[in-house]
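K.L.:
Okay, here's the structure, questions in a sec.
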Amino acid sequence: MADRREFIKGLVGGIALAGLSSLPMELFALSDMTKLTILHTNDVHSRIDPFPANDPKYPNMGGVARRAALIKKIRASEKNVLLLDAGDIFQGTPYFNLYGGELEFKLMSEMGYDASTLGNHDFDNGIDGLVKQMPHMNFPFLNANYSFTDTLLEKKVREYKIFHRGNLKIGVFGIGIELRGLVDPKLTGNILYNDPLVNANRISTLLKNEEKCDLVICLSHLGYKYNDKKVSDSVLAKESSNIDLIIGGHTHTFLDEPTRIINNNGKEVLVAQVGWAGIKLGRIDYYFDSKKRKKDSIASTVKISENTIG
């Protein structure tokens with residue numbers, strides 16, 4: 001697999017040098033392969049505008065307008081694209097204080113996000129504040145380990161959603177962190193936290209074995225890795241059996257490319273996270289053969305700056 005990955009990277013690099021941004025669709029027609037492009041963000045935290053030019057850490061980085069332009073450019077060159085987010089859409093700038101999340105949801109909807117999971121900061125205005133803004137979003141929240149019974153979110157959050165891109169069937173589900181200790185209980189009401197490992201394996205098994213998905217993606221707000229026994233994306237990947245990709249958040253971890261972890265079945269799971277504040281856009285290109293068997297994946301991140309779109 002490593003040799004094949006290096007071959008595809010070299011092929012992509014050669015084509016890029018020739019002035020093309022991606023592999024031409026004619027190549028995949030000849031080789032009878034299907035390409036799937038996953039774009040992802042996490043922990044954007046209401047960062048609508050770029051950081052100021054005098055910011056000591058992220059000068060002139062980020063910005064929704066630039067991200068939207070990059071996403072549009074990628075969609076124009078790629079046939080099969082999914083755009084996903086791993087939570088903490090809210091909290092971090094005056095936009096959230098002024099508009100309560102309305103602007104964030106409207107902009108994500110304009111960019112064509114396909115799904116997101118819930119982060120702990122998405123409850124900062126309470127369940128009622130979150131529900132109030134949901135009419136402004138046209139993508140679903142996914143979570144499989146919170147129980148929303150007897151709350152305003154009951155039947156408003158799905159465990160998973162299945163997407164069809166080309167001849168591929170992609171199952172996406174969400175997993176959330178323990179809210180106790182992170183969010184005032186008055187804001188989360190009767191939401192119950194259930195074991196993330198048990199429920200991630202429950203849903204991923206359903207998606208892989210019963211729904212026959214070609215790819216299973218977990219949108220996680222557990223965090224990348226911890227020094228103690230707290231459940232993280234790294235632990236989830238190792239203890240899973242049917243997850244192909246974990247798109248994570250919460251710990252604001254900047255990964256230049258996903259970590260590759262071997263699961264219970266001896267298969268590779270990718271764990272991705274792109275920091276925070278919309279500074280980077282993650283991208284993973286999967287390649288499937290004619291029998292829809294996953295052959296390889298190439299991953300990268302793109303810094304969002306004034307030079308992102310040429």
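K.L.:
Can you name the residue in the stretch 108-129 that is without any contact (Cβ under 8 Å) to a residue 40 or more places away in the chain and surrounded by 22 or more Cβ atoms within 10 Å (Cβ to Cβ) and, of all such residues, is nearest to Glu154 (Cα to Cα)?
P.N.:
Asp122
K.L.:
Let me ask another. Among the residues of the stretch 272-300, write down those that are touching a Gly at 6+ places or on another chain (Cβ under 6 Å) and of a type outside the set (S, T, N, Q).
P.N.:
Here is the first cut: in the stretch 272-300, the residues touching a Gly at 6+ places or on another chain (Cβ under 6 Å) are 272-274, 277-279.
Passing the criteria: Ala272, Val274, Ala277, Gly278, Ile279.
K.L.:
If you take the residues of the stretch 242-261 that are touching an Asp or Glu at 6+ places or on another chain (Cβ under 6 Å) and surrounded by fewer than 24 Cβ atoms within 10 Å (Cβ to Cβ), which of them is nearest to Ile217 (Cα to Cα)?
P.N.:
So, considering only residues that are touching an Asp or Glu at 6+ places or on another chain (Cβ under 6 Å) and surrounded by fewer than 24 Cβ atoms within 10 Å (Cβ to Cβ), the one nearest to Ile217 (Cα to Cα) is Arg260.
Each row is one residue, and each column tells you yes or no for (1) charged (D, E, K, R); (2) in contact with a helix residue (DSSP H, G or I) (Cβ under 6 Å, 6 or more places away or on another chain); (3) touching a residue at least 12 places away in the same chain (Cβ under 8 Å); (4) part of a strand (DSSP E or B).
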{"residue": "Gly249", "(1), (2), (3), (4)": "no, no, yes, no"}
{"residue": "Glu257", "(1), (2), (3), (4)": "yes, no, yes, no"}
{"residue": "Arg260", "(1), (2), (3), (4)": "yes, no, no, yes"}
{"residue": "Asn264", "(1), (2), (3), (4)": "no, no, yes, no"}
{"residue": "Gly282", "(1), (2), (3), (4)": "no, no, yes, yes"}
{"residue": "Asp285", "(1), (2), (3), (4)": "yes, no, yes, yes"}
{"residue": "Asp296", "(1), (2), (3), (4)": "yes, yes, yes, yes"}
{"residue": "Glu306", "(1), (2), (3), (4)": "yes, no, yes, no"}
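K.L.:
Let me ask something else. Which of the residues that make up the stretch 296-310 are surrounded by 15 or more Cβ atoms within 10 Å (Cβ to Cβ), out of contact with any Lys or Arg (no Cβ under 6 Å at 6 or more places or on another chain) and not hydrophobic (A, V, I, L, M, F, W, C)?
P.N.:
Listed by number, the residues that qualify are Ser297, Ser305.
K.L.:
Continuing with this model, one more query. Of all residues in the stretch 264-282 being surrounded by 18 or more Cβ atoms within 10 Å (Cβ to Cβ) and within 18 Å of Ile243 (Cα to Cα), which is farthest from the chain's Cα centre (by Cα)? I'd like the intermediate steps shown before the answer.
P.N.:
Let us first name the residues in the stretch 264-282 that are surrounded by 18 or more Cβ atoms within 10 Å (Cβ to Cβ), namely 269-282.
Then drop every residue that is not within 18 Å of Ile243 (Cα to Cα), which leaves 269-273.
On the way: Val269: 14, Leu270: 12, Val271: 10, Ala272: 8, Gln273: 8 Å.
Ranking the qualifying residues of the stretch 264-282, first place goes to Val269.
K.L.:
Right, something else. Scan the stretch 132-140 and give yes if some residue there is among the hydrophobic types (A, V, I, L, M, F, W, C), outside any loop (DSSP other than H, G, I, E, B) and at pLDDT 95 or above, otherwise no. It would help to see each step written out before you state the result.
P.N.:
Of the stretch 132-140, the ones among the hydrophobic types (A, V, I, L, M, F, W, C) are 134, 137, 139.
So of that shortlist, the ones also outside any loop (DSSP other than H, G, I, E, B) come out as 134.
Still in the list and also at pLDDT 95 or above: 134.
Yes, the stretch 132-140 has at least one match.
K.L.:
Being outside any helix (DSSP H, G or I), closer than 17 Å to Trp276 by Cα and modelled with pLDDT of 95 or more is true for just one of Phe90, Phe96. Which residue is that?
P.N.:
Details: Phe96 fails: outside any helix (DSSP H, G or I).
Sole residue among the options that is outside any helix (DSSP H, G or I), closer than 17 Å to Trp276 by Cα and modelled with pLDDT of 95 or more: Phe90.
K.L.:
Quick one: Asn120 ticks every box in (1) at pLDDT below 95; (2) closer than 19 Å to Asn199 by Cα bar one, so which box is it?
P.N.:
Of (1) at pLDDT below 95; (2) closer than 19 Å to Asn199 by Cα, only one is false for Asn120: (1).
K.L.:
Any chance you could count how many residues in the stretch 266-280 are closer than 28 Å to Arg47 by Cα, in a strand (DSSP E or B) and not β-branched (Val, Ile, Thr)?
P.N.:
So the count comes out to 3.
K.L.:
Quick test of your reading of the structure: Asp128 fulfils all but one of (1) part of a helix (DSSP H, G or I); (2) acidic (Asp, Glu); (3) under 15 Å from the mean Cα position of the chain (by Cα). Name the failing condition by number.
P.N.:
(3)
K.L.:
Now, a different point. Select from the stretch 180-210 the residues that are acidic (Asp, Glu) and more than 21 Å from the chain's Cα centre (by Cα) and write down the one among them that is farthest from Phe123 (Cα to Cα).
P.N.:
Glu210
The values are calculated or read from the model by the stated rules, or taken from the named source; none is laboratory data. This is a predicted model, so every value here is computed, not measured. Ideal geometry is used to build each Cβ from the backbone, glycine not excepted, and the neighbour counts take in all protein chains shown.
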